[in-house]
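J.: What follows is a single structure, and I will ask about it in a moment.
Read-outs: derived from the displayed coordinates by stated rules, not from any lab. Treat the numbers as computed from the prediction; the structure is a model and nothing was measured. FYI the Cβ positions are ideal-geometry reconstructions off the backbone, even for glycines, and counts take in every protein chain you see.
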Amino acid sequence: MGMVYSLMCKPCEKRRRRHCQLSKYLTPRQVQLVQCTWSILKMDLGTLGVTVFLHFFETEPDLKMLFPKMIRMNESNQLEWDVDRDMLQKHAVTVMEGLGAAVETLHDSQLLNAVLIALGQTHDKRNIKPCMLKRMWPSMQVGLAAVLGDGYTKEVSESWRKLYAYICLQMRFGMENPDLIVDMHDDILDS
Ligand code: HEM
């Protein structure tokens, strides 16, 4: 059985993590840039997601085997893995929707943190290690640049980089604490 996150397990760490405010990582202007560009990106999550994942599998081939639903073994060469395009598209949209859930919760750090910690826990169950998270950032950048075109300015890129780092930080905490029960509405210890 998992522990009650707020009362029994690492309360100090929990408090620290819960109080970890996005506003310490991103300026209001950067939050605004992420939200503005997200309103464009979300119109075509398929293109964004597929661009990100194709690049990711190309540049990080050793991580392919973590995605069994999307990857099937190549008939001619069993050491290679082919991407199932339909599954890739479906999955890519799901992951981008996950990113969207984060962007749309930017105003509420406590809820955002809870969502990201829970996401880290589901990834831990899939054997994803914290150090793998940052390996997706270069592919995210390629996807963002492809969809936003000229709108992907240095300032926009820096805002997304900071948000991605924040997401990784919170997911990592979830991965390192897989049994904690994360209550999205719990603020017992936060007063
Ligand atoms: C910001 C980074 C990421 C976000 C927002 C994200 C989000 C998601 C979401 C929303 C799902 C589906 C819901 C779930 O199963 O929990 C998912 C599934 C998954 N993610 Fe991630 N993810 C991220 C990074 C990564 C990385 C870096 C890897 C691998 C190295 C990874 C591997 C997986 C796998 C294997 C699944 C399950 C796929 C399946 O159902 O076959 N994720 N991710």
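J.: Could you tell me the calculated FRET efficiency between LEU111 and TYR152, based on Cβ-Cβ distance and R0 = 35 angstrom, to the nearest 0.05?
T.: 0.80
J.: Further question: Tell me the net charge near THR94. Cut-off is 14 Å between Cβ atoms, THR94 excluded, with +1 for each Lys or Arg and -1 for each Asp or Glu.
T.: So the surrounding residues net to +2.
J.: With a 10 Å radius around each residue's Cβ, average the other Cβ atoms per peptide and rank 84-95, 110-121, highest first.
T.: Highest-to-lowest ranking by the protection proxy: 110-121, 84-95.
J.: So, one more: Go ahead and run the numbers for FRET between ASN127 and GLU97, Cβ-Cβ distance against an R0 of 25 Å, rounding to 0.05.
T.: About 0.70, to the nearest 0.05.
J.: Around LYS162, under 14 Å between beta carbons, what's the net of Lys plus Arg minus Asp minus Glu among the other residues?
T.: Working: positive: LYS24, ARG29, LYS134, LYS154, ARG161; negative: GLU155, GLU158.
For residues surrounding LYS162, the net value is +3.
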